[in-house]
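In what follows, a single structure is set out as structure tokens and then discussed.
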Amino acid sequence: MTRTLLVRIAAGTLLVAGCWIAYTQNQGKTPPALTLNKVKDDLYEIEGDGGNVAVYITSEGVILVDDKFEWDFDNIMAKVKSVTSQPVKYVFSTHHHSDHTGGNVKFLPTAEIISTANARVNIVEHKQPNAPANLAPARVVFNEECSVFLGGKEVRARYFGRGHTNGDAIIYFPALRTIHTGDLMAGATPLIDYAGGGSLKAWTQTLDGALQLDFDTVIPGHGPVTNKAGLIAYRNNIEKLRDRATGLIREGRSQEEVGKVMIAEFGWAPNGMQIAWSLPGMMAELK
Ligand SMILES: [Zn+2]
């Protein structure tokens with residue numbers, strides 16, 4: 001493993017861990033500044049704090065993917081207004097976590113929120129223990145596929161199976177050959193939320209389904225915009241992690257020993273989210 005890759009993995013781990021920590025530590029403070037990047041034509045993405053937000057501009061309104069934390073709402077809207085005067089009409093949620101859906105409560109009065117049926121259930125049943133009490137679920141849900149047609153453009157959401165959670169949608173912009181993966185790709189190493197229905201076994205199959213789509217550009221759940229090769233590399237690293245962990249578990253290694261290998265070889269943060277949320281579930285799933 002190259003030094004650059006190790007640094008990138010470490011940075012990615014901090015980034016994913018950081019977005020979770022942000023919610024509990026930053027209440028009452030000023031929300032952090034966000035950055036807007038152009039992806040293609042009428043498609044932008046907003047990075048900083050929480051999950052990446054996609055902004056798709058049409059002549060009949062704006063379609064967002066994810067809306068970060070509740071306190072990011074004003075900063076998200078300022079970025080949207082810097083590139084269009086159109087109102088936000090739809091928000092696709094990639095999954096239920098509050099760093100992707102926290103803004104729902106602010107968007108619901110004027111926009112339609114759409115998620116998988118499972119993502120809605122996960123919010124209604126409070127499957128994320130550190131989520132705010134006012135986290136608001138989508139009013140419109142789907143099981144396999146759902147499209148919004150607006151201003152002559154289409155945004156298509158697809159459910160390919162379990163991975164980060166049991167309700168992760170891939171959001172596809174067919175005309176721009178671009179996808180938003182939610183946290184099916186986030187940072188450098190996967191966070192499997194077993195309490196939210198996640199599965200390390202299913203994750204690679206789920207990404208293999210998404211890889212059948214015709215696309216060249218990838219907006220991940222967290223981290224910089226990448227391409228299809230970047231997603232394939234991420235998928236292959238999950239397979240490597242899964243096979244390594246499966247081997248150790250079937251040799252009879254303890255949870256602590258498996259955790260040490262994940263930290264040393266896959267860039268997991270000691271005492272980070274993966275140790276707390278993923279490791280116990282992995283020990284059970286990969287037996
Ligand atoms: Zn997530």
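The values are calculated or read from the model by the stated rules, or taken from the named source; none is laboratory data. Predicted, not measured: the structure shown is a model, and the values here were computed from it. No Cβ is skipped: glycine too gets one built from the backbone with ideal geometry, and neighbour counts run over all protein chains shown. These accessible areas exclude ligands, DNA and RNA; they are computed on the full protein's heavy atoms, side chains included. Shrake-Rupley method; radii C 1.70, N 1.55, O 1.52, S 1.80 Å.
Summary table
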| quantity | calculated |
| --- | --- |
| Highest-fluctuation residue, D168, D214, D99 considered, GNM on the chain with Cα pairs under 10 Å | D214 |
| CD proxy at 222 nm, helix term only [per DSSP H run n ≥ 4: -39500 (n - 2.57); per residue of the chain; nearest 500] | -10500 deg cm²/dmol |
| Long-range amide H partners of A188 with built H, under 5 Å | G12, T13 |
| Dipole of the stretch 170-287, positive direction: furthest Cα of G182, L286, F215, with charges on the beta-carbon | L286 |
| Additional length obtainable on full extension of the chain from S85 to F149, 0.36 nm per residue less Cα span | 21.1 nm |
| GNM top mover of N118, N134, N227 - the chain, alpha-carbon springs below 10 Å | N134 |
| Added length on full extension, which subtracts the Cα-Cα distance from 0.36 nm per residue, L211 to R177 | 11.1 nm |
| Derived scalar couplings ³J(HN,Hα) [the stretch 94-108; Karplus, 6.51 cos²θ - 1.76 cosθ + 1.60; whole Hz; x for Gly, Pro] | 6, 6, 7, 4, 6, 7, 10, 10, x, x, 3, 4, 8, 7, 4 |
| Modelled FRET efficiency - R0 45 Å, H126 with D41, Cβ distances, 0.05 increments | 0.70 |
| Gaussian network model of the chain, springs between alpha carbon atoms under 10 Å - residue of E47, E257, E112 with greatest fluctuation | E257 |
| Amide H contacts under 5 Å for T58, placed H, 5+ residues apart | I63 |
| Approximate spin-label separation Q255-A284, in nm, with each point projected 7 Å along Cα-to-Cβ | 1.0 |
| Qualifying trypsin sites (Lys or Arg not before Pro) in the stretch 120-155, DSSP loop, other Cβ atoms within 10 Å at most 16 | R139 |
| Reachable lysines from K287, criterion Cα separation under 20 angstrom, eight or more residues apart if same chain | K201, K240, K260 |
| Cut-off under 5 Å, modelled amide H: who pairs with V39 long-range | Y44, E45 |
| For the stretch 169-179, 3J(HN,Hα) per residue [Karplus equation, 6.51 cos²θ - 1.76 cosθ + 1.60, θ = phi - 60°, Hz, x = Gly/Pro] | 9, 9, 9, 10, 10, x, 5, 9, 6, 10, 10 |
| Computed label-point distance, nm, for sites E60 and E239 using a 7 Å Cα→Cβ extension | 4.1 |
| Test item: Cα-centred dipole of the stretch 101-199, Lys/Arg +1 and Asp/Glu -1 on Cβ, debye | 160 |
| The stretch 147-287 - charge dipole about Cα centre, Lys and Arg +1 at Cβ, Asp and Glu -1, debye rounded to 20 | 160 |
| Above-threshold pairs, the threshold being 21 Å between Cα atoms, out of K79/K106; K40/K153; K79/K127 | K79/K127 |
| Computed magnitude of the charge dipole of the chain (debye, nearest 20; Cβ of K, R +1, Cβ of D, E -1) | 340 |
| Carbon and sulfur %, accessible surface of the stretch 46-182 computed with the full protein complex present, 1.4 Å | 49 |
| Mean accessible surface per residue for the stretch 89-248, computed with a 1.4 Å probe while every protein chain stays in place, in Å² | 34 |
| Difference of contour (0.36 nm per residue) and Cα-Cα distance, T110 to A276 | 56.1 nm |
